[in-house]
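Have a look at the structure below, then the notes.
The values are calculated or read from the model by the stated rules, or taken from the named source; none is laboratory data. Just so it is clear, the model here is predicted, and its values are computed rather than measured. Counting neighbours? That spans all protein chains shown, and the Cβs are built from the backbone with ideal geometry, glycine included. All accessible areas refer to the heavy atoms of the entire protein, side chains included, with ligands and DNA or RNA removed. Shrake-Rupley method; radii C 1.70, N 1.55, O 1.52, S 1.80 Å.
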Amino acid sequence: MESEDVDEVKKAQIVEARARNISHNVRCTECGSQSIEDSQADIAILLRKLIRDEIRSGKSDKEIYENLEDKFGETILYKPKFDMQTAALWLSPFLVAGAAAGVWAYNRHRQKTNVHIMALNLVRGVPLTPREKETMLDILTPPPSQARTSSSWLKRWRGQ
């Protein structure tokens with residue numbers, strides 16, 4: 001008799017834990033910014049009861065999510081699926097970061113490569129010494145413009 005009570009309590013705890021987990025991942029259709037677990041709207045209370053009833057009837061979490069998505073649309077879930085329609089949205093941060101890294105690398109390479117010094121190295125057949133290279137850069141590099149650029153304040157701040 002006592003073991004039956006313990007089993008019932010454990011089952012109730014498992015149902016409650018699963019229901020809370022699912023409820024945290026489902027958006028309240030009335031509030032929009034809260035999960036149904038946090039919301040006190042009538043629809044959220046009904047959805048929490050529906051989730052618990054479906055768990056008790058033996059449905060898996062995936063089946064419950066699919067059922068909710070069928071009834072209310074994909075926006076009810078906080079974690080939308082990755083498919084061809086949402087691929088651009090999911091991949092856009094990586095594309096922007098890759099483009100920024102490419103621009104940074106190109107500018108960094110351009111700063112370190114001076115065409116005039118490369119031409120002198122080819123003509124002479126011998127690379128310039130560091131002192132000759134510095135002198136040539138001083139002669140060939142145009143003076144900085146008077147306009148303030150975003151990188152100039154950064155260089156002054158870093159002490160360069």
key: Long-range HN-HN contacts of residue 77 with modeled amide H, under 5 Å   = 27
remark   = Residue span residue 9 to residue 59: 0.36 nm per residue of separation minus Cα-Cα distance leaves a gain in nm of 16.1 nm
key: trypsin sites (Lys or Arg not before Pro) within segment 5-114: DSSP coil, no more than 12 neighbouring Cβ in 10 Å   = 81
query = Hey, any idea what Rg/Rh is for segment 1-85, computing Rh the Kirkwood way over Cα pairs?
reply = 1.06
message = At a 10 angstrom cut-off on C-beta neighbours, averaged per residue, how do the peptides 37-47, 89-99 rank from highest to lowest?
response = 37-47, 89-99
Sites residue 72 and residue 97 - FRET efficiency at Förster radius 35 Å, r taken between beta-carbons, to 0.05 = 0.55
task = Please calculate how many Å² of accessible area segment 1-117 carries per residue, with a 1.4 Å probe and no DNA, RNA or ligand atoms counted.
result = 74
ask   = In segment 1-117, what percent of the accessible surface is made up of carbon and sulfur (1.4 Å probe, ligands and nucleic acids excluded)?
value = 59
